[in-house]
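A quick write-up on the structure given underneath.
The values are calculated or read from the model by the stated rules, or taken from the named source; none is laboratory data. Keep in mind that what you see is a predicted model, and the values were worked out from it rather than measured. Quick reminder, even Gly has a Cβ in these numbers, built from the backbone with ideal geometry, and neighbours come from all protein chains shown.
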Amino acid sequence: MNIDIACIECIINQSSKVANAIGADKVLTNRITSTIKEMSKNFSFEESPPEVASYVYEKMAELANKKDLYDEVKKLSTKKALSFVPLLKEKLKNSDNKFLTATKIAVAGNVIDLAACVEFDLEEEFEKIFETEFAHDDFDKLEIEIKKAKQILVIGDNVGEHIFDYMFIETLQELFSHVEVYYMVRGNPIINDVTMIEALEANLDKLCNLVDSGVNTPGFTYNRATSDAKNLFDRVDLVISKGMGNYECLTPSHRDNICFLLKVKCAVVASSLSKNIGDIICKID
């Protein structure tokens, strides 16, 4: 999906969030925000929000002289996510429907999104997620597709969220042992998206097949991916896409059988899905 006029203000606002996150002084803050406002005049409405964000974040990283703008914040997100693991493991252990519980855990983790217009609290999310119905509910269809699949690609989204993706994949493999699972990460640091660094730290390589997409966008932009990542995306039986950035990049897509798992956090995505901000989505295209 291409950017909407509403996306421009959102992306401009992200410049202030970045400046605050990195502790920029007044001079650097003004330089960052004014530069992004100027860039916004030339945003292309032929590109997706993640594609536009890639230029913006590369410029902000250059101005701040930081390779990874959110390096410290990502460490804190991982630490916070790990603090929930014992409780969630107990929830899984006592669940009557383990795969549904694991899927809800993966979706709840999607609230860790530093680029979202609307922010949600992770602790509050876990208090209600297991009693919340999917606003678009293709969960039964997802189970059917997994039972038929031989290879599944899970496209990761944000750091912290990847800890819950681990639990999701672990449960998936426990219940559907015939499936070979791949987990795809971003090619380099962009916003708080998960890269190979965080995936390896979480031992995801010991759980499933790790894949570096090569993309520099906060979403899987197919035409920016490596040839290996493209081939994998094309050949697997089922793609499970986590989060809004991947949804924005893969709507539409040249392939079918993509399951979108996400929390709706902005009006543009809400409109695209004909749902509301705050809804949780399990949608197969």
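Residues in segment 188-208 that are of a type in the set (A, V, I, L, M, F, W, C), part of a loop (DSSP other than H, G, I, E, B) and more than 14 Å from S54 (Cβ to Cβ): V194, A202, L207, C208. What number of residues in segment 131-168 are of a type in the set (S, T, N, Q) and either within 20 Å of G109 (Cα to Cα) or modelled with pLDDT under 95 (or both)? Count: 2. For segment 209-258, residues that are in a loop (DSSP other than H, G, I, E, B) and either over 15 Å from the mean Cα position of the chain (by Cα) or among the basic types (K, R) (or both) total 11.
Yes/no per residue for (1) surrounded by 24 or more Cβ atoms within 10 Å (Cβ to Cβ); (2) farther than 30 Å from T29 by Cα:
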{"residue": "K91", "(1), (2)": "no, yes"}
{"residue": "F99", "(1), (2)": "no, yes"}
{"residue": "K128", "(1), (2)": "no, yes"}
{"residue": "E133", "(1), (2)": "no, yes"}
{"residue": "V154", "(1), (2)": "yes, yes"}
{"residue": "E161", "(1), (2)": "yes, no"}
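Taking each residue of segment 1-25 that is closer than 19 Å to K75 by Cα and looking for partners that are assigned to a helix (DSSP H, G or I) and modelled with pLDDT under 95 with beta-carbon atoms closer than 6 Å, six or more apart or interchain, yields A21/V73. Against the test of being under 18 Å from E248 (Cα atoms) and not assigned by TED's automatic domain parsing to the domain that holds S48, the options D193, D228, D212, D165 yield a single qualifying residue, D193. Look at (1) among the hydroxyl-bearing types (S, T, Y); (2) at pLDDT 95 or above; (3) in the same structural domain as C266 (by TED's automatic domain parsing); (4) surrounded by 17 or more Cβ atoms within 10 Å (Cβ to Cβ) and you find that Y55 fails only one, number (3).
Restricting the first member to segment 248-273 and to residues that are at positive phi, and the second to residues that are in a strand (DSSP E or B) and buried (at least 16 other Cβ atoms within 10 Å of the Cβ), the beta-carbon pairs closer than 6 Å and six or more apart or on different chains are N257/L238. Quick one: would you say E124 is part of a helix (DSSP H, G or I), in contact with a Cys (Cβ under 9 Å, 6 or more places away or on another chain) and surrounded by fewer than 24 Cβ atoms within 10 Å (Cβ to Cβ)? No: the conditions fail for E124.
Would you mention how many residues in segment 31-43 are loosely packed, with under 11 Cβ neighbours inside 10 Å and outside any helix (DSSP H, G or I)? Final tally of qualifying residues: 2.
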